[in-house]
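A.B. asks: There's a structure below that I have some questions on.
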Amino acid sequence: MDLRKLQIFTRVARLNSFSRAAEDLHMAQPAVSIAVRKLEESLGITLLDRSGRQVRLTAEGEAVLARAEIILRETEELLRTSDAMGHLLQGELNIACPSMLATYYLPDVLTEFLIDHEGLKAAVTQAGTTRVEQMLLDDEVEIGVTSGSERADELELLPLVEEEMVLCVADSHPWADKREVAVEALAEVPMVVYESGYFIRHKLDQLCQQAGINPALRVQTNFLPLIIRMVKQGLGVTVGLKMMVAQEPGLVGIELAGDTRIEMALAKRRGKTISGANQAFLDWAAFKLS
């Protein structure tokens, strides 16, 4: 049984919504729908009634939900028991991570891990995904956060999070009320963006190339607070993950036409034996995300 599919199903069932569950889980809505459908196929029953404005549990779904929550609670208890043994582990977790994930995603994950492993401490290095992958291959760090890598033959990847990239504008910007913007429109407004080597910049470059435009790049930097401050002050617009907009007052996220999904993963060099602290984090993350 795939625990991740059970987790997704229970979240949909409790929120009565695929879209709200997707937002809560930081997943794309189609991925949530597919996970629930595959769970239904594996069980051979229909769990959710999708005919109304809100999804509702079927009678079979009610029974599965009750059992799924028991399984997930028992899994959490097993994890806590394992983590209690992890308190004896000593050393330092070293991880390289792009600043957007380090700012808006990693703190909650890392805090939970360090609470569970009282004997460990952590060091986080900020770098773009291109640099993170090279650091892994050069043995400068043992684990790092990267995007869907083209170097899968050299790196082992553990899927971490999937998010949509959105156009980010100040809440006072003329576009703030728009629901969607065509990529072609980015040639018309000044942009404050990451420099090359960062996953968010790579995705922006891909979209602009496909649209046949050159965006109006006003400022390029690797310093995230500078980008956020300039956008809020109205110097330009930027692109970022939905999670950034959700945590930054004064910013509005606008959907961009096209495929804006970004998948991030924990990575290590393929075949490399890493330290106990770093391996403990990988094992813990794999269990949490299973």
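Quick note: the coordinates plus some simple rules give every number you see, no bench work behind them. Please read these numbers as outputs of a predicted model, since none were measured by experiment. With ideal geometry, Cβ positions are generated from the backbone for all residues, glycine too; neighbour counts draw on all protein chains shown.
A.B. asks: Obtain the nm distance between the two label points defined at Asp2 and Asp171 by a simple spin-label model: each point lies 7 Å from its Cα along the Cα-to-C-beta direction.
C.D. replies: For the pair Asp2/Asp171, the computed spacing is 3.9 nm.
A.B. asks: Mind putting a number on the dipole of the chain about its Cα centre? Charges go on the C-beta only, +1 for Lys and Arg and -1 for Asp and Glu, and I need it in Debye to the nearest 20.
C.D. replies: 480 debye
A.B. asks: To the nearest 20 Debye, how big is the dipole of the range 162-261 about its Cα centre, given +1 on the beta carbon of each Lys and Arg and -1 on that of each Asp and Glu?
C.D. replies: 280 debye
A.B. asks: Straight-line reach from Lys38: which lysines fall under 16 Å, measuring Cα to Cα and dropping same-chain residues less than 8 apart?
C.D. replies: List returned: Lys5.
A.B. asks: Please give the FRET efficiency for Gln233 paired with Glu255, using the beta carbon to beta carbon distance and R0 = 22 Å, rounded to the nearest 0.05.
C.D. replies: After rounding, the FRET efficiency stands at 0.40.
A.B. asks: Follow-up question, since we're still on this one. Between Leu256, Val245, Val192, whose Cα lies farthest towards the positive end of the dipole of the range 162-261 when Lys and Arg beta carbons carry +1 and Asp and Glu beta carbons carry -1, centred on the Cα centre?
C.D. replies: Selected residue: Val192.
A.B. asks: Ok, one more. How large is log10 I(q)/I(0) at q = 0.11, 0.13, 0.15, 0.27 Å⁻¹ when the Debye formula is applied to the Cα atoms of the range 3-77, each weighted equally and without solvent?
C.D. replies: -0.23, -0.33, -0.44, -1.41
A.B. asks: Across 5 Å bins from the origin, how do the percents of Cα pairs in the range 1-131 run, short distances first?
C.D. replies: Over the range 1-131, the share of Cα pairs per 5 Å bin runs 2, 9, 15, 15, 14, 13, 13, 10, 6, 2, 0 percent.
A.B. asks: Additional query: Give the residue from Thr125, Ser33, Ile95 lying farthest towards the positive end of the charge dipole for the chain; charges sit on Cβ (+1 for Lys and Arg, -1 for Asp and Glu) and the dipole is referred to the Cα centre.
C.D. replies: The residue sitting farthest along the positive end of the dipole is Ser33.
A.B. asks: Working out 0.36 nm times the residue gap between Glu74 and Arg14, then minus their Cα-Cα distance, what length gain in nm do you get to one decimal?
C.D. replies: 19.7 nm
A.B. asks: Right, next: How big is Rg to Rh over the chain, alpha-carbon atoms, Rh as the Kirkwood inverse-mean-distance radius?
C.D. replies: 0.99
A.B. asks: Can I ask one more? Calculate the length of the line joining the C-alpha centroid of the range 258-290 to that of the range 167-231, in whole Å.
C.D. replies: 29 Å
A.B. asks: At q = 0.13, 0.15, 0.21 Å⁻¹, what log₁₀ I(q)/I(0) does a Debye calculation on the Cα points of the range 162-261 give, no solvent, two decimals?
C.D. replies: -0.37, -0.50, -1.09
A.B. asks: Here is a follow-up. Can you work out the FRET efficiency for the pair Thr46 and Ala246, with r the C-beta to C-beta distance and R0 = 25 Å, to the nearest 0.05? It would help to have the intermediate numbers written out before the result.
C.D. replies: Numbers: r = 33 Å, r/R0 = 1.30.
Once the sixth-power term is evaluated, E becomes 0.15.
A.B. asks: Measuring from label point to label point, each 7 Å out along Cα→Cβ, what is the Asn214 to Ile34 span in nm?
C.D. replies: Inter-label distance under the simple model: 3.7 nm.
A.B. asks: Given the peptides 136-142, 94-100, arrange them by the average over their residues of other C-beta atoms within 10 Å, most packed first. List each step's numbers first, then the result.
C.D. replies: Numbers: 136-142: 16.9, 94-100: 23.1.
Peptide ranking by packing, descending: 94-100, 136-142.
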